[in-house]
Amino acid sequence: MTDSILRRYIDYLTVERGLAQNTLDAYRRDIAEFLAYLEEKEKAPQGVSREEIRDYIQLLYSRLAPRSITRRISSLRSFFQFLLLDGYLEHDPTETLETPRNWRTLPVYLTPAEVEALLVQPDLTTPHGIRDQAMLELMYATGMRVSELVSLRVDAVQMQAQFVRTTGKGRKDRIVPFGDSAARALQRYLERAYPHFRKKKPSSPYLFLTQKGGKMSRQYFWMIVEKYGRALKISDKLSPHVLRHSFATHLLENGADLRAVQMMLGHTDISTTQIYTYVTRRRLKEVYDKFHPRS
C-alpha cells in the first residue's frame, strides 16, 4: 500500500509540478524513509497525527543538521498536501507544523568509552567484520562525512604517511591525517578483506565495497552503524554523523586548535565549527559540578 502511495506521489511531482530529477530523488528518499518509520510503528500515513509527525522530526535531530531537517519538513508538507488533494486525507497534519530557522542544536556525540566499545564490536574473523571495523575506525579518526567515506577511492589513502585525500562539499579537496589505530584496521582490511569484496568487480576504484563488489551507499553504512549501536544499546543516539561529532568534540576536549579542527572537518565557515566549543564548555561545567567540593 505504501509503495503504491509513494509511486503516485512521485508521479504527481513529475507531472503536476515538473520537478527536476535531483529534487524528485530527494523527495523520494525523504518520504520512503518516513514511510519505513511509520511501518515500524504499524501506522499508515492516512492515520498519522501531527504529534506523531513531530515525534519523527524530533528523532531526526539526533542524526541530521537543522538545514537537512528543514528540507525533510518541506518534503513531508508536500507529501501530505498530495494525500489531501488525492482524497487520502480530510485534514493535513503538517498544516501548522513549525519549520526550524537557524536553530542551534548541540551535536550529539559519544563518550570516549562508548567509542572504544563500538570499535571492538565487529567480528574480525569475517571479511565483513574487518571491513566494518576499518570504516568505523577511519570515520572516527578523520571526522569525514558519510558521503565522503563511502566515496573514498583506494588511491586517496596514503598508508605510509597516514592521511586521506577527500572531496567535501563544494567539490573542495582536503587532506586529513589518521592515527595508528585506524592505520592498523585499514591495513588488516586491505590484506584480509578487500580482495574478498573486490573479486566480483576488480576494476572498482572504491576502497569500501559491498558483497557484490560495488560502491557502498550511505544508507548501507547507516545500517551497519545502527546494527552495532543496537548491540551496545546506544542506537538511539548513534549514527554516522554522531561519529563525526565525536571526532570534533574529543579533539577540542583534548586541546586541539579550533582552526585545525575546522580544516579537518572541511567547514568553510569557522562559526560552524564553533558549535563544538559549546559542547566542550558544557562538558567542563558538568565535570566541575560533579567533582568540585564547592560547586
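The values are calculated or read from the model by the stated rules, or taken from the named source; none is laboratory data. Keep in mind it's a predicted model, so treat the numbers as computed, not measured. Heads up, the Cβs are rebuilt from the backbone with ideal geometry, glycines too, and the neighbour counts pull from every protein chain shown.
Given the structure, is T126 surrounded by fewer than 18 Cβ atoms within 10 Å (Cβ to Cβ), of a type in the set (S, T, Y) and in the same structural domain as M223 (by TED's automatic domain parsing)?
yes
Return the total of residues in segment 27-42 being modelled with pLDDT of 85 or more and closer than 22 Å to E95 by Cβ.
Residues that pass the stated criteria total 8.
Find the residue count for segment 31-51, including only residues that are of a type outside the set (V, I, T) and touching a residue at least 12 places away in the same chain (Cβ under 8 Å).
Of the residues in that region, 11 qualify.
crowded, with 19+ Cβ neighbours inside 10 Å and closer than 30 Å to M159 by Cα, is that true of Y27?
It is false that Y27 is crowded, with 19+ Cβ neighbours inside 10 Å and closer than 30 Å to M159 by Cα.
Test T273 against the criterion of being surrounded by 17 or more Cβ atoms within 10 Å (Cβ to Cβ) and within 30 Å of L60 (Cα to Cα), and give yes or no.
Considered against the rule, which asks whether it is surrounded by 17 or more Cβ atoms within 10 Å (Cβ to Cβ) and within 30 Å of L60 (Cα to Cα), T273 comes out as yes.
Restricting to segment 214-231, name every residue that is not charged (D, E, K, R) and not in a helix (DSSP H, G or I).
G214, M216, S217
Can you tell me which condition E51 does not meet? The list is (1) assigned to a helix (DSSP H, G or I); (2) closer than 27 Å to H245 by Cα, and all the others hold.
Here E51 meets the rest and fails (2).
Of all residues being in contact with a helix residue (DSSP H, G or I) (Cβ under 8 Å, 6 or more places away or on another chain) and surrounded by fewer than 16 Cβ atoms within 10 Å (Cβ to Cβ) in segment 205-217, which is farthest from L118 (Cα to Cα)? Just the residue, please.
Only one residue tops the list, namely P205.
What tally of residues in segment 218-264 results from selecting those that are crowded, with 17+ Cβ neighbours inside 10 Å and more than 14 Å from the chain's Cα centre (by Cα)?
9
Given the criteria within 16 Å of S147 (Cα to Cα), aliphatic (A, V, I, L, M), assigned by TED's automatic domain parsing to the domain that holds Y140 and out of contact with any strand residue (DSSP E or B) (no Cβ under 6 Å at 6 or more places or on another chain), does M223 qualify?
yes
Do we have Y56 as assigned to a helix (DSSP H, G or I) and under 17 Å from the mean Cα position of the chain (by Cα) here?
The answer is yes for Y56.
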